[in-house]
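Please treat every number below as a calculation from the coordinates, not as lab data. Since we're looking at a predicted model, the values are computed, not measured. Methodologically, a virtual Cβ is constructed for each residue, glycine included, from the backbone with ideal geometry; neighbour enumeration extends over all protein chains shown.
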Amino acid sequence: MSAYTRIVAATQPKGGTSKSTACINFAVAAAEHDLLVALVDTDPQGSVMMWKEARCDEWPRVFAMQPRELPNWLRSEGKHFDLIVIDTPAHDTDTLAAVARIADLSIIVTQPTRLAIAVATRLQRVFINADVPYAILLSQTPPRLTSRLAGWLENYRLLGTLVDTQLAYRVAYQDAIPLGLGVVEYEPHGLAADEVRGATDWILAKLGIAL
């Protein structure tokens, strides 16, 4: 591995939290900064690979593999990239923890719901016990800050570092995916694009990647 390669993994044992959508959009937004970005799909569901089939642009480079194949791939191929974004499978805490140990930063992608916070709490404990650096990203949030959302933000801050931009529930995310695009390409000046760029820049700064 190159000393300059950084790895971020998106994690969440609960399905349906927009984890794959977040990975896709992070990778596309990071590539906007002329970074060499790899997007790795380790989820058997294969959402990232389905997106790739509709994509025309060669960046980010997209790969699919089993989690156990990651270490060898990182040593042989990963060194050629500035940033590697890994989408992990849901419902497999052991695999999530193993991938998280490889990553420089793990992002718990979660919704502002009571069930999601309970799941995120369990994953947080795994990461703390394994001494894994992590941050929490809220997805599918209301488009406007409400008192209810503000309360959820405070709850999540008790669990650790929050990415300072949330990904709201917006149709642009759904519309861009089947076209093989990120929202920064689909609606470059839209609100979803602003959110993704804000979250991506925060993550890159956390990884020590200068823009």
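What to note about this one:
- Ranking L191, G151, V8 by Cα position along the charge dipole of the range 6-206, where only Lys, Arg, Asp and Glu carry charges on their C-beta atoms, puts G151 farthest toward the positive end.
- In this structure, the amide hydrogen of R6, modeled 1.01 Å from its nitrogen in the peptide plane, lies closer than 5 angstrom to those of L83, I84, counting only residues at least 5 positions away or on a different chain.
- Among the listed values [x] 60, 38, 26; [y] 47, 41, 33; [z] 49, 33, 29, the one matching Cα extents along the principal axes in Å as calculated from this structure is [y].
- What the phi angles of the range 191-197 give under the Karplus curve with 6.51, -1.76 and 1.60, with θ = phi - 60°, is a coupling list of 5, 4, 4, 4, 4, 5, 4 Hz, glycine and proline written as x.
- Relative to the Cα centre, the charge distribution of the range 46-150, modelled as +1 at Lys and Arg Cβ and -1 at Asp and Glu Cβ, gives a dipole magnitude of about 440 debye.
- Gaussian network model of the chain, Cα within-10 Å springs - most flexible of T95, T141, T113: T113
- Extension gain, D164 back to H189 (0.36 nm per residue minus Cα-Cα distance, nm): 7.0 nm
- Applying the Karplus relation 6.51 cos²θ - 1.76 cosθ + 1.60 with θ = phi - 60° to the range 25-41 yields 3J(HN,Hα) values of 6, 4, 4, 5, 5, 5, 5, 4, 8, 6, 7, 7, 10, 10, 10, 10, 9 Hz, where x marks Gly and Pro.
- Part-to-part distance (alpha-carbon centres) for the range 164-211 and the range 79-114, which is given in Å: 18 Å
- The phi torsions of the range 98-107, fed into the Karplus equation with coefficients 6.51, -1.76 and 1.60 and a -60° offset, translate into couplings of 5, 5, 4, 5, 7, 6, 7, 8, 10, 10 Hz, rounded to whole numbers, with Gly and Pro shown as x.
- Separation of the A118 and A210 label points, Cα + 7 Å toward Cβ, nm: 4.7 nm
- Only Lys, Arg, Asp and Glu carry charge here, each on its Cβ (+1 for the first two, -1 for the last two); on that basis the chain has a dipole of about 740 debye about its Cα centre.
- Among 51-58, 24-31, 176-183, the peptide with the highest mean count of other Cβ atoms within 10 Å heads the list, and the full ranking is 24-31, 176-183, 51-58.
- Dipole of the chain, positive direction: furthest Cα of Y173, Q140, L36, with charges on the beta-carbon: Q140
- Under 15 Å, Cβ to Cβ, from T5 - net charge with Lys/Arg +1 and Asp/Glu -1: +1
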